[in-house]
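Remarks on the structure that follows.
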Amino acid sequence: MWNRIKKMNIKALDLKMGQMVFMAVGVFSAYYWWKIQEAEKPSPVIPAQSFERYLKIQKEAKRLCFCFI
């Protein structure tokens, strides 16, 4: 394989750059796919009596949407 690379006049840095670009595309596409999967999960059904507790937990975790404040 290395002889073929030498014949094609591809430098080692070009190969490393290609690997880095390929890995970056893979990481970003995996992250994008993961975010889509997270968004498609159904939200848990919260009973009315535990809604105050839910708000308290969300405030402590700082994940509370501004519409509940």
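Residue by residue through segment 50-68, note down the ones that are out of contact with any Leu (no Cβ under 9 Å at 6 or more places or on another chain) and modelled with pLDDT under 65. 65, 66, 67, listed by residue number. Considering the conditions (1) modelled with pLDDT of 85 or more; (2) part of a loop (DSSP other than H, G, I, E, B), residue 43 is excluded by exactly one of them, (1).
The values are calculated or read from the model by the stated rules, or taken from the named source; none is laboratory data. Not measured: the values here are computed from a predicted model. Cβ sites come from the backbone with ideal geometry, for glycine too, and all protein chains shown count toward neighbours.
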